[in-house]
Amino acid sequence: MSRTPSRLAPAALLAAALALPAAAQYVSGPPSGGNQKASVSQWIGPVEVNVTYNSPKVVGPDGTDRRGKIWGGLVPWGMSKDAFGTCGDECPWRAGANENTVFRVSHDVKVEGQPLAAGAYGLFMVPGPEEFTVIFSKNSTSWGHYFYTSKEDALRVKVKPRKAPYTHWLTYDFVERKPSEATVALRWDELEVPVRVEVSDVDGLYLARIREELRNRNGFSWQAWEEAAQFCLGKKVNLPEALKWAEHAVSAPFTGQANFKSLSTLSQAQAANGMADAAKATMQKALEHPTATATDVHMYGRQLQAQKRTDEAVAVYLLNAKKHPDAWPVNVGLARAYAAQGKTKEALAAARKALAQAPDDGNRNNLKGMIAKLEKGEPID
């Protein structure tokens, strides 16, 4: 028994044709429907999050102003129906226009607290007045929603839409950023749909990358090992390995180099691993090394002073004066050293010498303030 194929009314046929991939665009012309192709990326630590999409505007291709008629109108609430393709009665919104909106992550992440593996996903949404369902489909290459199937869902999350300033062109943007998470939001008309993306261990991912880099050509320079150690020291993570990296920077065969920078990093790593005496001895080597500039030594003295280690700071300032007599900013340090010892006359003399050497207005103004305090018998920082 033969079956008569179902027919669409002429208007429906026209609508279906217009919804198709713009005559497939066999050549590289502009996006159909007056839409604009766009892409936005954000890094969360070493993790890249990207959304690539086609952006329609509130005013339609025929000039119709659809402001206030986008949500629940042009973009219907809930799933829609489509006669073309295979999605049938369960067609989500493509969250953009034309071909799939594509959401890419370079590493595994969490979306609204749920795990999502690294990869590219077709991004769909099921809009609602109070809640949107955001769908990440394993199919990122289809056109629109026509061939969507829930069997290809990698993840579904629910989010709350919120009022937002008017946006003419549909736009994705990263509206909230923190060291280990970011919120990507779809904005159109006067609505915003925020989706939170988290990275569980940013420092761990950086460390994994650093370890790989130390195994390639970067590992043939002492600077790479020193920078790797400094990363750990700054983050207060992976301290035992940081010590090994700092030792490598100083003394590895062929590539290690003892200088002020590498030795001072080794000293910091030793201190962070509870090796106080070794750290002190290594720092003394750094200060006495020929590569230690007047500024290097002075800044270490300032660091000690900030830590209220005044006697050690004075010793460093005096060492700097011995190594680099009359070099900037040696006399600034001497002024601080003498002031800390209660030698106001000597402190004033050093500060006035420093004023004559000051390289810019900022330093000159600071020294004028220091001299004014010393003349009044007030302490200086």
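Remarks
- Number of the condition not met by Asn35 [criteria: (1) at pLDDT 90 or above; (2) buried (at least 16 other Cβ atoms within 10 Å of the Cβ)]: (1)
- From the options Ala354, Ala350, residue that is in a helix (DSSP H, G or I), touching a Pro at 6+ places or on another chain (Cβ under 7 Å) and over 23 Å from Ala229 (Cα atoms): Ala354
- Taken together, the residues in region 175-199 that are part of a strand (DSSP E or B), over 17 Å from Leu123 (Cβ atoms) and out of contact with any Phe, Trp or Tyr (no Cβ under 9 Å at 6 or more places or on another chain) amount to 5.
- Considering the conditions (1) of a type in the set (Gly, Ala, Ser); (2) within 30 Å of Glu378 (Cβ to Cβ); (3) part of a helix (DSSP H, G or I), Ala327 is excluded by exactly one of them, (3).
- In region 132-158, of all residues being of a type in the set (Lys, Arg) and either touching a Leu at 6+ places or on another chain (Cβ under 6 Å) or closer than 22 Å to Pro194 by Cα (or both), the one that is surrounded by the most Cβ atoms within 10 Å (Cβ to Cβ) corresponds to Arg156.
- Picking from residues in region 75-93 that are in contact with a Gly (Cβ under 8 Å, 6 or more places away or on another chain) and charged (D, E, K, R), the one that is farthest from Pro161 (Cα to Cα) is Asp82.
- Filter pass, Leu304 being among the aliphatic types (A, V, I, L, M) and at pLDDT 95 or above: no
- Each residue in region 191-216 was checked for being more than 28 Å from Ile135 (Cα to Cα) and small (Gly, Ala, Ser), and 2 of them qualify.
- Pairing each residue of region 116-127 that is on the phi > 0 side of the Ramachandran plot with any residue that is among the β-branched types (Val, Ile, Thr) and surrounded by 21 or more Cβ atoms within 10 Å (Cβ to Cβ), provided the two are 6+ apart or on different chains, yields no C-beta distance under 6 Å.
The values are calculated or read from the model by the stated rules, or taken from the named source; none is laboratory data. Please read these numbers as outputs of a predicted model, since none were measured by experiment. So basically every Cβ, Gly included, is an ideal-geometry build from the backbone, and we count neighbours across all protein chains shown.
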